[in-house]
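The values are calculated or read from the model by the stated rules, or taken from the named source; none is laboratory data. Since we're looking at a predicted model, the values are computed, not measured. Every residue, glycine as well, gets a Cβ built from its backbone with ideal geometry; the counts of neighbours run over all protein chains shown. Only protein heavy atoms, including side chains, enter the accessible area calculation; ligands, DNA and RNA are left aside. Shrake-Rupley method; radii C 1.70, N 1.55, O 1.52, S 1.80 Å.
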Amino acid sequence: MRKWLLVCIGLAVLLAGWRPAPKEPEGLALVRVLGVDGPGPVTLTAVCGGGDQGDQSRGRCTGADFAQALSCLPWSGEKELSLTSVSYLIVGRDVDLEQVLLGALRNEELGAACTVWLAEEGAAALLDGSPDPASGLELLERRGIEAPTVVQALAALYGGESVSLPLLDGEGHGLIDWEEWRMTA
């Protein structure tokens, strides 16, 4: 009886360790930077890849509001786009910031940990002019520029405080200044 128990345990251990490694489905591109322009209609610009990924897929779609644009984004590029790896959310000056932050927080894939940046000339223009925006933003972070996360920005707005967003130029992701953003009544 003891031998059978040892054989069963050994077999269970072997079977538990023999699993194929999980892989991302082919044709799926991970979005690293998401740009948002317009209060309605809202245009989203997605850029995949970065320093650790070779894929530089891009996508763009427009919807009546942030939620609708977000729902059509996965199928707007050459590959299916996944929002599970978004690190940077770049907004244009004309966005409804509260709507965007709430939409990002409510989206299961997008989440609340990505940082929020402001584009001087609009997010689409900034992202279209940069071959690798994620690397440029990572460099700014290494230099000590700390942009607020989605949760931090939304908490400040709802707390009646202003949100300081790093203002990016349209060329090379240089930091111009910080801009205060307040919730409109």
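Structure values in brief
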quantity	calculated
Residue selected from the range 58-77 under the condition more than 18 Å from LEU126 (Cβ to Cβ) and free of Cβ contacts under 8 Å to residues at least 24 places away in the same chain, by the criterion most open to solvent (accessible area, probe 1.4 Å)	TRP75
Boolean, ALA153 is closer than 21 Å to CYS61 by Cα and either free of Cβ contacts under 8 Å to residues at least 40 places away in the same chain or open to solvent by less than 40 Å² (accessible area, probe 1.4 Å) (or both)	no
Matching option when the condition is touching a Ser or Thr at 6+ places or on another chain (Cβ under 6 Å), surrounded by fewer than 16 Cβ atoms within 10 Å (Cβ to Cβ) and either assigned to a loop (DSSP other than H, G, I, E, B) or of a type in the set (Val, Ile, Thr) (or both), among GLU109, GLU180, GLU161	GLU109
Residue list for the range 69-106, restricted to those being among the hydrophobic types (A, V, I, L, M, F, W, C) and assigned to a helix (DSSP H, G or I)	ALA69, LEU70, CYS72, LEU73, TRP75, LEU97, VAL100, LEU101, LEU102, ALA104, LEU105
Test result for ALA104, open to solvent by less than 10 Å² (accessible area, probe 1.4 Å) and farther than 16 Å from ALA29 by Cβ	yes
Residue check for GLY49: open to solvent by less than 40 Å² (accessible area, probe 1.4 Å), modelled with pLDDT of 75 or more and in contact with a Cys (Cβ under 7 Å, 6 or more places away or on another chain)	no
Residues of the range 122-139 satisfying the condition of being surrounded by fewer than 18 Cβ atoms within 10 Å (Cβ to Cβ), closer than 16 Å to LEU167 by Cβ and in contact with a strand residue (DSSP E or B) (Cβ under 8 Å, 6 or more places away or on another chain)	ALA125
Condition met for LEU127 (within 20 Å of ASP37 (Cα to Cα), touching a Pro at 6+ places or on another chain (Cβ under 6 Å) and assigned to a helix (DSSP H, G or I))	yes
